[in-house]
Amino acid sequence: MHYSHAVKSKYKINGDEMKVLRLVLLLTIPAAVAAPISAYANDFPTTGRVEYVLECMKNHAGKYEYLYKCSCALDNIATSVKYDEFVEISLAARPQMTGGQRGSEFRDPEIVKTMAKKFKTIQAAADQACFVQ
């Protein structure tokens, strides 16, 4: 006996109801599978998102159009790294601009340079994809 026939007879479901049941299953199963994947890849908290977008807008003269562009860039970044890694690599990129002896402790270690390079690469790709100039 075919599975759908067994379900129909056991639960007394007619043909139209079975079609609806199949449609519901076809629509919900991919969403149920995709939800944990997207949640894993996009774990940025709201406050972290707001901070990034506001700083990005500030770096572009506060223009309103950058609200969307910077949000897009962060969404793009969030598909590449988890939030904890984003915090680490973005913090590593900050002292790269600091000159002199004071900044050398934070700027010069190879691991910091590697992390900063990764952040700049990811951010540049996100900026390009979202037209942040």
*Taking the stated definitions as given, is Ala125 modelled with pLDDT under 95, outside any loop (DSSP other than H, G, I, E, B) and out of contact with any Asp or Glu (no Cβ under 6 Å at 6 or more places or on another chain)?*
no
_What are the pairs with Cβ atoms under 9 angstrom where one residue, in region 45-67, is assigned to a helix (DSSP H, G or I) and the other, located anywhere, is exposed (fewer than 11 other Cβ atoms within 10 Å of the Cβ) and not charged (D, E, K, R)? Sequence gap at least six, or different chains._
Met57/Tyr64
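The values are calculated or read from the model by the stated rules, or taken from the named source; none is laboratory data. Everything quoted here is computed from the prediction, not taken from an experiment. Reconstructed Cβ throughout: ideal geometry from the backbone, glycine too, with neighbour counts over all protein chains shown.
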